[in-house]
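Quick one: the structure is below, and I'll ask about it shortly.
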Amino acid sequence: MSSEPAKAFVPIQVYALCARKTGSDMAAEKNAKAVDPFEAFRKMRDTYLEGMSKVMIDAVNTEEYAQATGALLNNYLTLSAPFREALDKAMIMSLEQFSLPSRQQVAALAERFTNLEMRLDDLDAKLDRIVALSSGARTATAGVSNDGKRARPEDGKSGKPAGRKQ
């Protein structure tokens, strides 16, 4: 055995395999388009998607497709009705336990509030007509005295009879 200390492994770089590029080679490389190995796959994918899109649009726009979809939906709704009813009953029971209103109860309240709002609007319109009629009657009687003659204003400026407040 030798008494020399072990040298650490130093990777050897080989420059002989890499040719040094000149300035003209680098300029030519920059001007050349980069080759994309996936470009052919992208074009193939796009062509496939366009073709399938046209086929599917043509298939969906037929009467047979509409009938088949309608029959499928009808069967689904028929088969799911018992499960939906059971779920509705369970939901109503759960809502009652938590003292929460059901969808039907909220809809009934909304309808009642709507009816109340419409009645209030009607009353408001009637009150507006009553106020308009009473103010019209008040202005008609304001200018006539008890004996049927027009009263004279005291100050000569206002059109109100003397001693009367409005």
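The values are calculated or read from the model by the stated rules, or taken from the named source; none is laboratory data. Since we're looking at a predicted model, the values are computed, not measured. Neighbour counts run over all protein chains shown; Cβ positions are idealised from the backbone, glycine included.
Restricting to the range 90-112, what's the tally of residues that are at pLDDT below 95 and basic (Lys, Arg)?
Number of matching residues: 1.
Please pick out the residue among Met52, Met26 that is modelled with pLDDT of 95 or more and part of a helix (DSSP H, G or I).
Numbers: Met26 fails: modelled with pLDDT of 95 or more.
Of the residues listed, the single one that is modelled with pLDDT of 95 or more and part of a helix (DSSP H, G or I) is Met52.
Go through the residues of the range 74-95 one by one and say whether even a single one is surrounded by 10 or more Cβ atoms within 10 Å (Cβ to Cβ) and outside any helix (DSSP H, G or I).
no
Does any residue of the range 60-72 turn out to be outside any helix (DSSP H, G or I) and either of a type in the set (Ser, Thr, Tyr) or surrounded by 10 or more Cβ atoms within 10 Å (Cβ to Cβ) (or both)? Show your work before the answer.
First, the residues of the range 60-72 that are outside any helix (DSSP H, G or I): 61-62.
Filter again for either of a type in the set (Ser, Thr, Tyr) or surrounded by 10 or more Cβ atoms within 10 Å (Cβ to Cβ) (or both), leaving 62.
The answer is yes; a qualifying residue exists.
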